[in-house]
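Asks: After the structure tokens below, expect a handful of questions from me.
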């Protein structure tokens, strides 16, 4: 294997082209680091200064000819890059001229397609081209192919290990920095090699990708509008190692022998924290997006009333307006959604915003089609590796670089949003923005422009993705949570006794007042956001259930003490550990209260969808199960209530948790009914509850029974199951009721069926 390079610098030109004093010095400086055995370690390195076109083409062809597959070939050019009137790129020589009209005399320069041709013919698998010249990005084979559809230059440059580093895009001018002897781009390439700073992953080697990233970052510190490019066709070129990093002496870590003396510090738990006295939370990177989310929701409120009254069922129109809100709030040029047509590899615009007033519609469409979406790998959009991708395009008319962001959507149709024309240095160019936009677009449709539900969905997704969020986000989400919770109503589902053929109790179920379905968004939020939410949810639903049950008893004329059946209310383990919830339960069972439930008639069903609390007063528990069991005994001894385990078979349900708590009631989740063999699973649960408390084993309740259930009432009775509930018995209703004679006879037949 050999490393061979040709360094070309042109600093003298014919009239009409400005001299470039740095070009000759560029090749001298680059030669110094590349031929150094401790850095570039190139075996063959030739410098070519101010050649004429014929000599330059000859040396370039000789560089790529008669090479082996293992060789690494480097071609470097510093000088003028010139486009002809057709947009084709040429490299100027000392003899390059322009005619009286200012047009390039092509025969006096070296065309880029000549270099494409000799690269294609070369056997060397690793080929590196470094271009420090104006319009060097036009060497991009994709861009070049657009100017000559008869030549498949993408295919010609598609072999592995072929990479081009370009100091500018296809529309930009490169620069020489005042006061520096070298061109800006070349100076930072050399600096990255010579200092070892280009070894970004610190593995002792400098790859092409690392060197490009280092030089690009340094350049944009003072020339933000200059966009160096790296052009690779199959990603293999990224891996080419150009140089070794100089070894730096390792930093010797020393520790001090003296210790700070502060004595013993006592830390106490406090439920009320005075912000003036205590430390503040570390600022979150999401904080700048608070005002952006607020503006999105404000505009949604402004648009929604008018939209819903005028376009009730016109989903495409609603989608367009949602995208227009995104465009206006983001200060973008255009926003649209693309979806796959009939699951083919063809993509169509599904919905779009208006165009910004400052852009030309037709020109912008050409940019999107030919520069942004052309040759876009679909797997680069839909991947778990990131929230979205972007590309920078230099807007010649506005003389500014703009970002085009592609955000995947979690839909069945593989849709994505394209945000066009964000400023390159916008704080919105981040993964958090992608999360916010995708959440806003999807939830605005799901919740039919209900701004509170949309905002809650955005905050939930940010919490899910980032874990910790700003305090203001937490407080806003809690406020939305409480507003939503206040609208919930209670329905009652009967629990049926297979031995007495009658209703033996009721379960209080939370219901959305509009859909009359479970408010799963509230349960999800409580489990996602933690303690404060779960306690608020459980306290509210407990009080609401007790109040609703009392009213239902009175309405059904079943409010005499002997007529009151047990009421089951769900609760998260976390809430049971908190004094606030204990006090709420005590108030519910206190005699004389208007919504009082007799203590022995109240059953708290512990949700298995959440883990047991691991901390108490900020201290990690050695045995969460023992601590939790001790807490439950306080409820039983002081308040005389009973407990059950809800949803056994899902979530955090475990044999040790069931055996350790030994509750009076265990509910088997409906999912178990659809598992085979269900009788083995039920017998297993029975053995556990019998062995842990043989004198008074827990009563097992099977829930979720309906007409489609694979298990019948007669089977459950033979398995010694005493209690069941589900639509087969009776649907949840806002009030309580007695079973009709017809229903009772139907259930009796089912129980005794063969």
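The values are calculated or read from the model by the stated rules, or taken from the named source; none is laboratory data. Owing to the predicted nature of the structure, the values given are computational and were not obtained by experimental measurement. Quick reminder, even Gly has a Cβ in these numbers, built from the backbone with ideal geometry, and neighbours come from all protein chains shown.
Asks: For the stretch 641-651, does any single residue satisfy the condition of being closer than 27 Å to residue 579 by Cβ, at pLDDT 90 or above and part of a loop (DSSP other than H, G, I, E, B)?
Replies: Taking every residue of the stretch 641-651 in turn, at least one turns out to be closer than 27 Å to residue 579 by Cβ, at pLDDT 90 or above and part of a loop (DSSP other than H, G, I, E, B).
Asks: Can you find, within the stretch 420-455, the residue that is farthest from residue 480 (Cα to Cα) among those that are in a loop (DSSP other than H, G, I, E, B) and touching a strand residue (DSSP E or B) at 6+ places or on another chain (Cβ under 8 Å)?
Replies: By that ranking, first place goes to 424.
Asks: Can you spot a residue in the stretch 675-689 that is without any contact (Cβ under 8 Å) to a residue 12 or more places away in the chain, within 24 Å of residue 499 (Cα to Cα) and within 43 Å of the chain's Cα centre (by Cα)?
Replies: Yes, the stretch 675-689 has at least one match.
Asks: Could you please give the count of residues in the stretch 467-504 that are in contact with a helix residue (DSSP H, G or I) (Cβ under 9 Å, 6 or more places away or on another chain) and either closer than 16 Å to residue 524 by Cα or surrounded by fewer than 13 Cβ atoms within 10 Å (Cβ to Cβ) (or both)?
Replies: So the count comes out to 13.
Asks: Can you find even one residue in the stretch 505-516 that is closer than 27 Å to residue 469 by Cβ, outside the structural domain of residue 456 (by TED's automatic domain parsing) and surrounded by 17 or more Cβ atoms within 10 Å (Cβ to Cβ)?
Replies: Yes: one or more hits.
Asks: What is the number of the single condition among (1) part of a strand (DSSP E or B); (2) at pLDDT 90 or above; (3) farther than 22 Å from residue 447 by Cα that residue 332 does not meet?
Replies: Going through (1) part of a strand (DSSP E or B); (2) at pLDDT 90 or above; (3) farther than 22 Å from residue 447 by Cα one by one, residue 332 breaks only (1).
Asks: Let me ask something else. Is it fair to say residue 416 is within 21 Å of residue 333 (Cα to Cα), surrounded by 21 or more Cβ atoms within 10 Å (Cβ to Cβ) and assigned by TED's automatic domain parsing to the domain that holds residue 351?
Replies: In short, yes.
Asks: Give the residues of the stretch 60-79 that are touching a residue at least 60 places away in the same chain (Cβ under 8 Å), more than 15 Å from residue 27 (Cβ to Cβ) and either touching a strand residue (DSSP E or B) at 6+ places or on another chain (Cβ under 9 Å) or crowded, with 17+ Cβ neighbours inside 10 Å (or both), sorted by residue number.
Replies: 64, 67, 70, 71, 72, 73
Asks: So which residues in the stretch 650-680 are touching a strand residue (DSSP E or B) at 6+ places or on another chain (Cβ under 6 Å) and surrounded by fewer than 18 Cβ atoms within 10 Å (Cβ to Cβ), if there are any at all?
Replies: 664, the sole residue that qualifies.
Asks: Could you tell me whether any residue of the stretch 696-719 is in contact with a helix residue (DSSP H, G or I) (Cβ under 9 Å, 6 or more places away or on another chain), more than 25 Å from residue 674 (Cα to Cα) and in a helix (DSSP H, G or I)?
Replies: Within the stretch 696-719 (the criterion being in contact with a helix residue (DSSP H, G or I) (Cβ under 9 Å, 6 or more places away or on another chain), more than 25 Å from residue 674 (Cα to Cα) and in a helix (DSSP H, G or I)), the answer is no, since none of the residues qualifies.
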